[in-house]
Amino acid sequence: NHAVALRDGTSPPEARGKLIAEMEARTNDVQSRDTFMGRRAREILRQEWRAYVPLYVVKIAPFFLQSGWRDVAEAVGFESRQRPLDLTSALVRRQWGKISTAFGQTDVPSLAHLAGMVFSLALTAFALAGAFSLRRLPKHQRAVGWLLAALVALFFLLSSPLSHARYRQPVQPLLFALAAVAVLGRPSRSLAAAVADHGADGAQQDAQIQAE
């Protein structure tokens, strides 16, 4: 829908409505409609594959930054003065004024949304740092770490351009694990060194006692 909307200069809901109208003009047979939708999706992908490139680039922001905290604030009764920002569409269309206006709102849901983005940004930054620091871990731990990073990348690539926080939830624990590698990696090595030194001191003391 986003790719067709970018081509036609319309909005994704309008593009989706046009596609649904094409489907409803056909027979009511479910199999026939499924076949039509599959064929139409492949046609759009072949014709507009270039439009998917910027979509997959900008979806980094909603996939890794959106948190769903705004929805929580609205669910408990706080009202917002404006509709939630479609971050993907705004980034693709370079609507910087719309983005800055949305981030400048001071109602509770908007502030919760901004706080969630800051938290998610910090988590993503630490997880990325942890992924790069995996090479310093022992071989078996490094293999597990790379597996976690690969799963995060897989979920990111397989999610549609309309990414949101809910698509990140299955790999959220993995992001925390990778972030922990960045935060605790150096202290854990220091702890291991301290344990080794303690063991060496103990062995030396035992040797002295036996010598006496």
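The values are calculated or read from the model by the stated rules, or taken from the named source; none is laboratory data. Bear in mind the structure is a predicted one, so any value in this text is a computation, not a measurement. Here the Cβ is made from the backbone with ideal geometry for all residues, glycine too, and neighbour counts use every protein chain on show. Heads up: the accessible areas ignore ligands, DNA and RNA and are worked out on the full protein's heavy atoms, side chains in. Shrake-Rupley method; radii C 1.70, N 1.55, O 1.52, S 1.80 Å.
Sort out which residues of segment 63-97 are more than 27 Å from P170 (Cα to Cα), over 22 Å from the mean Cα position of the chain (by Cα) and open to solvent by 80 Å² or more (accessible area, probe 1.4 Å), and write them in order of number.
F78, E79, R81
For (1) more than 30 Å from T124 (Cβ to Cβ); (2) basic (K, R); (3) in a helix (DSSP H, G or I), each residue gets a yes or a no:
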site: A21; (1), (2), (3): yes, no, yes
site: R33; (1), (2), (3): yes, yes, yes
site: F36; (1), (2), (3): yes, no, yes
site: R39; (1), (2), (3): yes, yes, yes
site: I44; (1), (2), (3): yes, no, yes
site: L55; (1), (2), (3): no, no, yes
site: A61; (1), (2), (3): no, no, yes
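Consider V108 against the criteria (1) open to solvent by less than 90 Å² (accessible area, probe 1.4 Å); (2) among the β-branched types (V, I, T); (3) modelled with pLDDT under 80: it satisfies all of them except one. Which criterion is unmet?
(3)
Return yes when A102 is in a helix (DSSP H, G or I) and in contact with a Pro (Cβ under 9 Å, 6 or more places away or on another chain) and no when it is not. Quick ask: steps written out before the conclusion?
Working: in a helix (DSSP H, G or I): yes; in contact with a Pro (Cβ under 9 Å, 6 or more places away or on another chain): yes.
Against the criterion (in a helix (DSSP H, G or I) and in contact with a Pro (Cβ under 9 Å, 6 or more places away or on another chain)), A102 qualifies.
Out of segment 111-122, which residues are among the small types (G, A, S) and either open to solvent by 60 Å² or more (accessible area, probe 1.4 Å) or touching a helix residue (DSSP H, G or I) at 6+ places or on another chain (Cβ under 7 Å) (or both)?
A112, A115, G116, S120
Quickly run through segment 144-163 and pick out the residues that are open to solvent by less than 60 Å² (accessible area, probe 1.4 Å) and modelled with pLDDT of 80 or more.
Result: G145, L148, A149, A150, V152, A153, F156.
Hey, R136 hits all of (1) more than 16 Å from V183 (Cα to Cα); (2) loosely packed, with under 13 Cβ neighbours inside 10 Å; (3) not hydroxyl-bearing (S, T, Y) but one; which does it fall short on?
(1)
Assess whether R166 counts as being under 28 Å from L87 (Cα atoms), modelled with pLDDT under 85 and part of a helix (DSSP H, G or I). Reasoning before the result, please.
Working: under 28 Å from L87 (Cα atoms): yes; modelled with pLDDT under 85: yes; part of a helix (DSSP H, G or I): yes.
Considered against the rule, which asks whether it is under 28 Å from L87 (Cα atoms), modelled with pLDDT under 85 and part of a helix (DSSP H, G or I), R166 comes out as yes.
If you check S100 against the conditions, is it more than 15 Å from the chain's Cα centre (by Cα) and over 21 Å from R166 (Cα atoms)?
On the way: more than 15 Å from the chain's Cα centre (by Cα): yes; over 21 Å from R166 (Cα atoms): yes.
It is true that S100 is more than 15 Å from the chain's Cα centre (by Cα) and over 21 Å from R166 (Cα atoms).
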